[in-house]
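Inspection log for the structure reproduced underneath, given as structure tokens.
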Amino acid sequence: MAPKSKVTSDGQRMDAGALRSRAPASGCSEVDWMGKIIIDTDLGDDIDDAFAIAYAVKSGLEIAGITTVFRNAHARAEMAAKLLRTLGRSDIPVHAGLDMPRRAPIIARANDRYEADGRFIPCQYDASMSGEPYAELSAVDYLIETIRREPDNVTVLLIGPETNMAAAIEKAPDVVGKVKEVVVMGGQFFGEPVPEWNILCDPEAAAIVFSSGIPIRAVGLDVTMQCRLSGDQLERLRMDSAETSTLLCSLMDRWFAHYRFETPVLHDPVSFGVLLVDYVDFVNQAVQVGTELDGDYGATKLQVGAHPVCLAKTVRQRAFLDDFIAVLCG
Ligand code: RIB
Ligand code: CA
């Protein structure tokens with residue numbers, strides 16, 4: 001495992017202690033490298049999940065497991081297993097979770113692909129991933145068992161719709177008091193409350209998580225949209241001959257071709273990044289997730305009320321981007 005130290009944007013290597021001392025006193029921005037992380041992901045549609053998993057694994061923080069969610073969690077689990085094998089970390093278990101949101105209509109995107117039986121195929125999935133082994137235990141049961149086994153030691157990073165975590169809370173309400181923290185990529189909290197994809201794909205699940213009382217840090221579009229890889233950074237990744245970089249570039253090219261995007265926005269990596277370095281500043285406020293199908297569905301609105309959570313407001317994107325690419329290509 002890589003040492004728990006970081007190269008900062010000014011080229012200095014800092015250890016965990018030095019980084020902690022840079023963190024503001026507010027618990028929201030705390031950098032705490034103890035404990036384990038479970039990453040719950042909709043890997044396979046947008047490229048940023050694959051980047052986040054590679055960044056997390058290469059960061060040296062302890063990744064306990066990967067759980068998958070949304071539309072075809074099985075295919076996403078096979079993808080995660082291949083990515084972990086390429087990273088040399090097949091020891092990290094992968095668990096497939098729930099395919100379908102509670103109530104939200106599935107939003108079809110241009111060029112969506114389907115199996116003969118009607119199952120959705122993520123755009124980055126290919127035949128080379130078929131049969132990659134993953135664990136039998138469901139993602140929901142894995143979340144419950146891992147959180148119960150190590151109270152106050154497990155952080156869950158949600159970088160897809162929050163369906164699995166909400167199901168874990170409903171099935172085992174005691175996880176609320178036992179999980180250390182949930183870090184969410186989701187929402188848009190400042191300015192117009194525009195629905196963000198992960199929340200919009202299962203607002204009822206997000207409402208359960210946000211109102212649960214679990215300590216939450218939410219990293220929304222307010223900051224993630226500022227974190228785009230530059231042309232030079234993309235070129236550095238393409239020039240890197242490591243097997244993981246080659247795989248990431250081929251997944252990215254498939255995603256570019258499918259959705260006609262040109263620049264990766266690093267929503268999910270910067271959400272993992274808040275566990276690593278104090279790139280992001282937060283404010284503390286309660287959030288209401290809109291669940292009116294004909295109204296505010298999927299919007300995340302600030303409110304005065306119970307269960308305030310930490311909401312990302314500003315980001316030092318240059319420091320994050322430099323660090324991200326250094327870890328990925330390091
Ligand atoms: O809105 C951005 C989020 O939606 C990211 O997690 C991206 O990967 C997609 O899931
Ligand atoms: Ca995602």
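The values are calculated or read from the model by the stated rules, or taken from the named source; none is laboratory data. None of these values were measured; they are calculated from a predicted model. Backbone-built Cβ (ideal geometry, glycine too); neighbour counts: all protein chains shown. Ligands, DNA and RNA are excluded from the accessible area calculation, which covers all protein heavy atoms including side chains. Shrake-Rupley method; radii C 1.70, N 1.55, O 1.52, S 1.80 Å.
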* How many times 2.2 N^0.38 Å is the alpha carbon radius of gyration of the stretch 210-330? -> 1.26
* Structure fact -> Per the stretch 35-91, sqrt(5λ) over the Cα gyration tensor eigenvalues, sorted largest first, in Å, gives 17, 11, 11
* Within the chain: Cβ-based charge dipole about Cα centre, in debye rounded to nearest 20 (Lys, Arg +1; Asp, Glu -1) -> 580 debye
* **Solvent-accessible heavy-atom area per residue, rounded to whole Å², over the chain at 1.4 Å** => 39 Å²
* Asked: Regarding the stretch 53-159, what whole-number volume in Å³ per residue does the convex hull of its Cα atoms give?
  -> 128 Å³
* Asked: Mind ordering 107-116, 302-311 by average Cβ neighbours within 10 Å, highest first?
  -> 302-311, 107-116
* Largest-first ellipsoid semi-axes for the stretch 126-165, taking √(5λ) over the Cα gyration tensor eigenvalues, angstrom -> 25, 14, 9
* Relative contact order for the chain using alpha-carbon pairs under 8 Å, separation at least 6, rounded to a whole percent? -> 22 percent
* Round to a whole number: what % of the accessible area of the stretch 96-238 belongs to carbon and sulfur, probe 1.4 Å? -> 53 percent
* Magnitude of the charge dipole, the stretch 108-154, Cβ model with Lys/Arg +1 and Asp/Glu -1, debye to 20 -> 180 debye
* Summing -39500 (n - 2.57) over the DSSP H runs of n ≥ 4 in the chain and dividing by its residue number, what mean residue ellipticity at 222 nm do you reach, to the nearest 500 deg cm²/dmol? -> -10000 deg cm²/dmol
* Kyte-Doolittle at least 0.5, axis length at least 27 Å by Cα - qualifying DSSP helices, the chain -> none
* To do: Give the Kirkwood hydrodynamic radius (Å, one decimal) of the stretch 124-258, defined as one over the mean of 1/r across all pairs of different Cα atoms.
  => 17.3 Å
* How big is the stretch 139-212 by the Kirkwood estimate over distinct Cα pairs, in Å? -> 12.6 Å
* Structure fact -> Output ordering of 77-89, 280-292 (per-residue mean of other Cβ within 10 Å, highest first) is 77-89, 280-292
* From the P(r) of the stretch 207-251, can you give the percent of Cα pairs sitting at distances over 16 Å? => 61 percent
* Structure fact -> Among beta bridges assigned by DSSP with both residues in the stretch 112-247, the antiparallel ones amount in percent, to the nearest 5, to 20 percent
* Structure fact -> Semi-axes in Å, largest first, for the chain (Cα gyration tensor, √(5λ)) are 25, 25, 20
* Structure fact -> Note on the chain, DSSP bridge orientation, antiparallel percent to nearest 5 equals 40 percent
